[in-house]
Amino acid sequence: MLGEFQTFEQVIDFAIDREIRSHLFYRAWARRVSDPILRQAFQQFSDQEFEHQKKLAKVKQGQCKYLTGDMPTLGLGIAEATEDITPHSEMSLAEVLILAMNKEKQAYHFYLQLATGADTEDLADLFLNLANEEANHKVRLEIEYDDRFLHAE
């Protein structure tokens, strides 16, 4: 995927665009779901994706001093066991969670690729931090899906 970009700026612009789209996706779903716990989770994800966008904008401006956090747990494997969902206007909650899990899984892998190709330790740390946050989103979504649809009582 990274081979399709000509410059580092194009990679950062692409990453910023992905974060904007994720921010808008979660913000929209926070407004649509009736469950207060899921609404709060989606709002938190929206806010975090917005923060990712701001971090990447700072990278573009030449500021990239960030610390990495702990690496995430591996998750429940639900995203890996589900098929991709094509978004549509009448998505069920289960489909929304699957779509969100898969988006986070893709974002995690994208940032790991960027970390591997980073030419400074600061950039690698930034991208690992973003990968960690995306993986944690995926795990939270997997737990929510598991609780609601796989182990519902």
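The values are calculated or read from the model by the stated rules, or taken from the named source; none is laboratory data. Predicted model, so just to flag it, every value in this text is computed and none were measured. Every residue, glycine as well, gets a Cβ built from its backbone with ideal geometry; the counts of neighbours run over all protein chains shown. With ligands, DNA and RNA removed, areas are computed over all heavy atoms of the protein, side chains included. Shrake-Rupley method; radii C 1.70, N 1.55, O 1.52, S 1.80 Å.
Each residue in the range 22-46 was checked for being open to solvent by 60 Å² or more (accessible area, probe 1.4 Å) and more than 16 Å from residue 133 (Cβ to Cβ), and 9 of them qualify.
In this structure, residue 49 qualifies as in a helix (DSSP H, G or I), of a type outside the set (Phe, Trp, Tyr) and crowded, with 19+ Cβ neighbours inside 10 Å. Name the residues in the range 1-21 that are surrounded by 13 or more Cβ atoms within 10 Å (Cβ to Cβ) and among the hydrophobic types (A, V, I, L, M, F, W, C), would you? 5, 8, 11, 12, 14, 15, 16, 20 - these are the residues of the range 1-21 that are surrounded by 13 or more Cβ atoms within 10 Å (Cβ to Cβ) and among the hydrophobic types (A, V, I, L, M, F, W, C). One residue alone among 125, 147 is open to solvent by 50 Å² or more (accessible area, probe 1.4 Å), among the acidic types (Asp, Glu) and assigned to a helix (DSSP H, G or I), and that residue is 147.
Sort out which residues of the range 1-21 are over 16 Å from residue 129 (Cβ atoms), part of a helix (DSSP H, G or I) and of a type in the set (A, V, I, L, M, F, W, C), and write them in order of number. Result: 2, 8, 11, 14, 20. Restricting the first member to the range 18-34 and to residues that are without any contact (Cβ under 8 Å) to a residue 24 or more places away in the chain, and the second to residues that are of a type in the set (A, V, I, L, M, F, W, C), the beta-carbon pairs closer than 8 Å and six or more apart or on different chains are 27/42; 30/42. The residues in the range 82-122 that are among the β-branched types (Val, Ile, Thr), surrounded by 15 or more Cβ atoms within 10 Å (Cβ to Cβ) and in a helix (DSSP H, G or I) can be counted, and the count is 2.
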